[in-house]
Amino acid sequence: SPLEYQLALRKRRAMNLLVNSRLPIAQIARETGFRSPAYFAKFFHEKTGLSPTDFRAKGHNHEHLTS
């Protein structure tokens with residue numbers, strides 16, 4: 001659906017920002033269209049199985065950014 005596609009794009013952008021920038025999580029949340037960092041963290045965890053902080057700390061490589 002269009003909504004699922006939009007959410008997938010937002011997730012992919014967030015993953016890229018987490019891996020390739022030092023922006024704070026709250027700023028990444030805003031830049032990917034989430035008003036609340038807490039909601040962003042919940043969404044991200046539901047979609048990836050990791051919190052944004054854990055995803056960044058693990059230094060995921062680019063193969064994860066395409067899923």
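Quick one: longest stretch of the chain between exposed loop trypsin sites (Lys or Arg not before Pro), exposed meaning at most 15 other C-beta atoms within 10 Å and loop per DSSP? Between the exposed loop sites, the longest stretch runs 36-57. Computed 3J(HN,Hα) for region 16-25, one whole-Hz value per residue from the Karplus formula 6.51 cos²θ - 1.76 cosθ + 1.60 where θ = phi - 60°, is 4, 5, 5, 7, 10, 9, 10, 4, x, 4, glycine and proline marked x.
Take region 7-60 with all the other protein chains still there, run a 1.4 Å probe, and you get 60 Å² of accessible area per residue. For P(r) over Cα pairs in 10 Å bins from 0, in percent, the value calculated from this model appears in [x] 22, 62, 15, 0; [y] 17, 18, 14, 14, 12, 9, 7, 5, 3, 1; [z] 21, 50, 24, 4 under label [x].
Between residue 57 and residue 5, what FRET efficiency comes out of the Förster formula 1/(1 + (r/R0)^6) with R0 = 30 Å and r the beta carbon distance, rounded to 0.05?
Details: r = 29 Å, r/R0 = 0.95.
FRET efficiency, residue 5 to residue 57: 0.55.
What is the sum of charges around residue 33, taking Lys and Arg as +1, Asp and Glu as -1, for the other residues whose C-beta is under 10 Å from the C-beta of residue 33? Taking every other residue near residue 33 into account, the sum is +3.
Of all the accessible heavy-atom surface of the chain, with the other protein chains kept in place and a 1.4 Å probe, what percent is carbon and sulfur? Could the numbers behind the result be given before it?
Working: 2410 of 4480 Å².
That share works out to 54 percent.
Given springs between every Cα pair under 10 Å in a Gaussian network model of the chain, which of 24, 37, 52 has the largest fluctuation? Of 24, 37, 52, the most mobile in the Gaussian network model is 24.
The values are calculated or read from the model by the stated rules, or taken from the named source; none is laboratory data. What you see is a predicted model, and the numbers here were worked out from it, not measured in a lab. Virtual Cβ from ideal backbone geometry, glycine too; neighbours counted across all protein chains shown. Surface accessibility is based on the protein's heavy atoms, side chains included, excluding ligands, DNA and RNA. Shrake-Rupley method; radii C 1.70, N 1.55, O 1.52, S 1.80 Å.
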